[in-house]
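Colleague: One structure, pasted below without further comment.
The values are calculated or read from the model by the stated rules, or taken from the named source; none is laboratory data. All values reported here derive from a predicted model rather than from experimental measurement. Positions of Cβ are backbone-derived with ideal geometry, glycine not excepted, and every protein chain shown enters the neighbour counts. For accessibility, only protein heavy atoms count, side chains too; no ligands or nucleic acids. Shrake-Rupley method; radii C 1.70, N 1.55, O 1.52, S 1.80 Å.
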Amino acid sequence: MKLAICPDATAARTVAARVIARQIRKNPASVLGLATGRTMEAIYRLLARDHAENNLDFAGVTTFNLDEYVGLPGTHNQSYRYYMQTHLFDHVNVTPAKTHVPDGAATDPDAEAHAYDTSIAASGGIDLQLLGLGENGHIGFNEPLSALTSRTRVVTLDRATLEQNAGMFGGNPEKVPARALTMGTGTILEARETLLVVTGAAKAGILARVVEGPLSALVPGSALQLHAHCLLVLDEAAASALTQRDITDWQMKHDPELVALLDPVHT
Ligand code: GLP
């Protein structure tokens, strides 16, 4: 794991957007794994701005989103397909047929899940997978106790997730769909690079368990300890419960990739 700890959330979002833009410029035919959630909104705004101002070219990019609520069609304003359209896809020149979000309205969600993994493999695999972290340690919708080898599948959402996401459903956890389709933890680990973005003090405790805690199905994000190319972009608030700052601070001063990413001259 490499940790880029930024002074604040604004800087963290800038660095995360820079990593994604760097990938697209390096390989205009990149396959990106994308995430939803509040953390990602500003990152997508920055990418849209990069497209508008510097011609960041999405035309050849293929995308696979992590997850979708079962039962919500892509036209529903709380579906993750709708989220992606409104926060990113409608603002860049991505090719619609190259964007993939699991179909929450599929008549056979299990078949949809299986087909999704097949489609990722057929695309050549994900080059860079963007991830957020749930307050219960989930990545995608891989809730606590998800197998670390799990594949894309239908899951039952944890109560903590229903509560965390209730804000988007009028504040009522009972309005949040109880099931979702999610890329599996094992599927996520197959991405060639992973980028986990975490901001805010509310996630400091769980983030410390992801980075320092035992590898455990109880904390699905801890599976990233197994990933050979995993970059964490954090703000100081999210990093505040880490106990090994001497190690991370040393790396931020001496690892050329981290030095370049954190260089304020380029933010
Ligand atoms: C949802 C998504 C996760 C995301 C999480 C964090 O639950 N399924 O992939 O990581 O939200 O959301 P936020 O950034 O709003 O805290």
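Colleague: Could you point to the residue in Ile206, Met183, Val155 farthest towards the positive end of region 153-220's charge dipole, with +1 and -1 charges on the Cβ of Lys/Arg and Asp/Glu respectively?
Modeller: Comparing the listed Cα positions along the dipole, Val155 ranks first.
Colleague: Another question about this same structure. Express the carbon and sulfur contribution to the solvent-accessible surface of the chain as a percent, rounded to the nearest whole number, probe 1.4 angstrom.
Modeller: The nonpolar share, carbon plus sulfur, comes to 54 percent.
Colleague: Something else: Report, by chain and number, residues whose modeled amide H sits under 5 Å from the one on Asn93, excluding near sequence neighbours (fewer than 5 apart, same chain).
Modeller: Hits under the 5 Å cutoff: Phe58.
Colleague: Beyond 22 Å, how much of the Cα-Cα pair distribution for the chain remains, as a whole percent?
Modeller: It works out to 53 percent of all Cα pairs.
Colleague: OK, next. Please identify the DSSP H helices in the chain that span no less than 18 Å along the helix axis (Cα) and have a mean Kyte-Doolittle hydropathy of 0.0 or more.
Modeller: Those that clear 18 Å and a mean of 0.0 are 9-26.
Colleague: Mind putting a number on the dipole of region 162-267 about its Cα centre? Charges go on the C-beta only, +1 for Lys and Arg and -1 for Asp and Glu, and I need it in Debye to the nearest 20.
Modeller: 380 debye
Colleague: Per residue of region 134-142, what does 6.51 cos²θ - 1.76 cosθ + 1.60 with θ = phi - 60° give for ³J(HN,Hα)? Whole Hz please, x for Gly and Pro, Karplus curve as stated.
Modeller: x, 5, 9, x, 6, 10, x, 10, 7
Colleague: Quick query: amide H of Arg179 versus all other amide H atoms, modeled in the peptide plane; which residues come in under 5 Å with a sequence gap of 5 or more or a different chain?
Modeller: Here the answer is Val70, Leu157, since their amide H atoms fall under 5 Å of that of Arg179.
Colleague: May I pose another question? Considering the options Tyr116, Asn142, Gln129, tell which one lies farthest towards the positive end of the dipole of region 101-149, charges being +1 on Lys and Arg and -1 on Asp and Glu at the Cβ, about the Cα centre.
Modeller: Comparing the listed Cα positions along the dipole, Gln129 ranks first.
Colleague: Gln129's amide H: which non-local residues (gap 5+, or another chain) put their own amide H closer than 5 Å, with H modeled 1.01 Å from N in plane and none for Pro or chain starts?
Modeller: Here Gly33, Glu193, Thr194, Leu195 satisfy the definition.
Colleague: While we're here: Would you work out which of Thr36, Met84, Ala52 lies farthest towards the positive end of the dipole of region 25-113, given +1 charges on the beta-carbon of Lys and Arg and -1 on that of Asp and Glu, about the Cα centre?
Modeller: Ala52
Colleague: Dipole size in debye (nearest 20) for region 1-136 around its Cα centre, Lys and Arg Cβ +1, Asp and Glu Cβ -1?
Modeller: It comes to approximately 680 debye.
Colleague: While we're here: Report ³J(HN,Hα) in whole Hz for each residue of region 150-157, in order, from the Karplus equation J = 6.51 cos²θ - 1.76 cosθ + 1.60 where θ = phi - 60°; Gly and Pro get x.
Modeller: 4, 9, 4, 6, 8, 10, 9, 6
Colleague: In sequence order, what are the phi-derived ³J(HN,Hα) couplings for region 230-240 according to the Karplus relation 6.51 cos²θ - 1.76 cosθ + 1.60 with θ = phi - 60°, rounded to whole Hz, with x for glycine and proline?
Modeller: 10, 10, 9, 10, 10, 9, 4, 5, 5, 8, 5
Colleague: Moving on. Which one of Glu135, Glu53, Glu112 has the biggest mean-square fluctuation once the chain is modelled by GNM with Cα springs under 10 Å?
Modeller: Glu53
Colleague: Would you mind working out the accessible area per residue for the chain, using a 1.4 Å probe, and quoting it in Å²?
Modeller: 43 Å²
Colleague: In addition: Using a 1.4 angstrom probe on the protein heavy atoms only, line up Ile247, Ile120 by accessible area, largest first.
Modeller: From most accessible down to least: Ile247, Ile120.
Colleague: Would you mind working out the magnitude of the charge dipole of the chain relative to its Cα centre, with +1 at each Lys and Arg C-beta and -1 at each Asp and Glu C-beta, to the nearest 20 Debye?
Modeller: 200 debye
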